[in-house]
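**Q** If you scroll down you'll find the structure; I have some questions about it.
The values are calculated or read from the model by the stated rules, or taken from the named source; none is laboratory data. Since we're looking at a predicted model, the values are computed, not measured. Because the Cβ atoms are built from the backbone with ideal geometry, glycine has one as well, and the counts that use them run over all protein chains shown.
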Ligand code: PMP
């Protein structure tokens, strides 16, 4: 039998073999940033189209000033967890801000979006309970499910009928089940069919948790996400999200109309046993949340940019994700083709995400573009020009 270290050595060898080809996509180092949408990689000025910086707030003056001020006032880090080492006033103020923004009373701030999902799922369900999640859910949700010890069932992506069938089969256990979906799915950029899913959760008296990581600041009249857009906020039990996309920081949260959320933090090991977010990141996140609420023009610009890129790529014959959103996934067939296309774009100074199986649904190879409100039309034209010049078969294969 292979020893544990031999297994790591085998991985290291495979990694070294593929590094030649994959180094750039997997380990791109941005040496310098010129703005939210441009940086230098391998000494070349590069347009960044793979950042999740949807509103382009990473260089916003208010966010930077708030971060600087908090760092000077409270220091660089909290050096511990909130339960063991105490909360800072900023943690509570951000929780109040988020609860107010969503029109609910309860919020927990976590250290990342990843730990928000881990923390909420493990606190809510355990052995003997059930989780039903959409098969396209993010790795943090899968990991939370695994860590919880609950029974885990997947339903077919966005297939409400399949969800209904699986809940029906659970009988009485449906009432100790949590359903988990996402606002905008991170790989293909499509939305959950939330109104149907919320109706099913009501029918079976289950709980519904939605991860709005990619939809906060992007969807809904005031940017609250898909639940707001679909007008089903009162039927959602828990919303999780991240500070690392529209809010341009790092951290995560859960908001809820249920007062039980307040106590769940004491049952959540991924909340208890990790350091709380630094004062600077809390302050910049508060400033970014304020901007989401006061500057709807950013969301309008984001959608203008997303539609422009999507429509033009589609017009060139590329096979795209089924819905327009700031996540635009170009389906490029084989891994070799994907890598070749990625490199050609990279050589022309364009950085998109190369996403391969097993990280992708249905074993697709994707060039995943994420659009920002901060992209200029000149930058988007450079990106489109590069796609137009790729020597690649235009695929007619349909997204499943
Ligand atoms: N949920 C989803 C849907 C995500 O795409 C991500 C990050 N890509 C996360 C959660 C984790 O967020 P964070 O980076 O804050 O850990």
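**Q** Take the residues in region 271-284 that are touching a strand residue (DSSP E or B) at 6+ places or on another chain (Cβ under 9 Å) and surrounded by 24 or more Cβ atoms within 10 Å (Cβ to Cβ); name whichever of them is nearest to residue 69 (Cα to Cα).
**A** Out of the qualifying residues, it is 282.
**Q** Right, another one. Tally up the residues in region 353-371 that are assigned to a strand (DSSP E or B) and in contact with a helix residue (DSSP H, G or I) (Cβ under 9 Å, 6 or more places away or on another chain), please.
**A** 6
**Q** Of these, 116, 99, 123, which one is part of a helix (DSSP H, G or I), more than 16 Å from the ligand (Cβ to nearest atom), in contact with a strand residue (DSSP E or B) (Cβ under 8 Å, 6 or more places away or on another chain) and at pLDDT 95 or above?
**A** Criteria check complete, one pass: 99.
Let's see how each residue does on (1) assigned by TED's automatic domain parsing to the domain that holds residue 349; (2) in contact with a strand residue (DSSP E or B) (Cβ under 9 Å, 6 or more places away or on another chain):
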{"residue": "42", "(1), (2)": "yes, yes"}
{"residue": "66", "(1), (2)": "no, no"}
{"residue": "78", "(1), (2)": "no, no"}
{"residue": "83", "(1), (2)": "no, no"}
{"residue": "91", "(1), (2)": "no, yes"}
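Yes or no, residue by residue, for (1) part of a loop (DSSP other than H, G, I, E, B); (2) within 16 Å of the ligand (Cβ to nearest atom); (3) not assigned by TED's automatic domain parsing to the domain that holds residue 261:
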{"position": "146", "(1), (2), (3)": "no, yes, no"}
{"position": "158", "(1), (2), (3)": "yes, yes, no"}
{"position": "168", "(1), (2), (3)": "no, no, no"}
{"position": "175", "(1), (2), (3)": "no, no, no"}
{"position": "198", "(1), (2), (3)": "no, no, no"}
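**Q** To continue, here is another question. Pairs, please: C-beta under 7 Å, at least 6 apart or cross-chain, first residue within 19 Å of residue 121 (Cα to Cα) and touching a residue at least 60 places away in the same chain (Cβ under 8 Å) and in region 233-257, second assigned to a loop (DSSP other than H, G, I, E, B) and more than 12 Å from the ligand (Cβ to nearest atom)?
**A** What qualifies is 255/104; 256/104; 256/237; 257/104.
Matching residues to (1) modelled with pLDDT of 95 or more; (2) out of contact with any helix residue (DSSP H, G or I) (no Cβ under 7 Å at 6 or more places or on another chain); (3) surrounded by 23 or more Cβ atoms within 10 Å (Cβ to Cβ); (4) on the phi > 0 side of the Ramachandran plot:
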site	(1), (2), (3), (4)
259	yes, yes, no, no
328	yes, no, yes, no
340	no, yes, no, no
349	yes, yes, no, yes
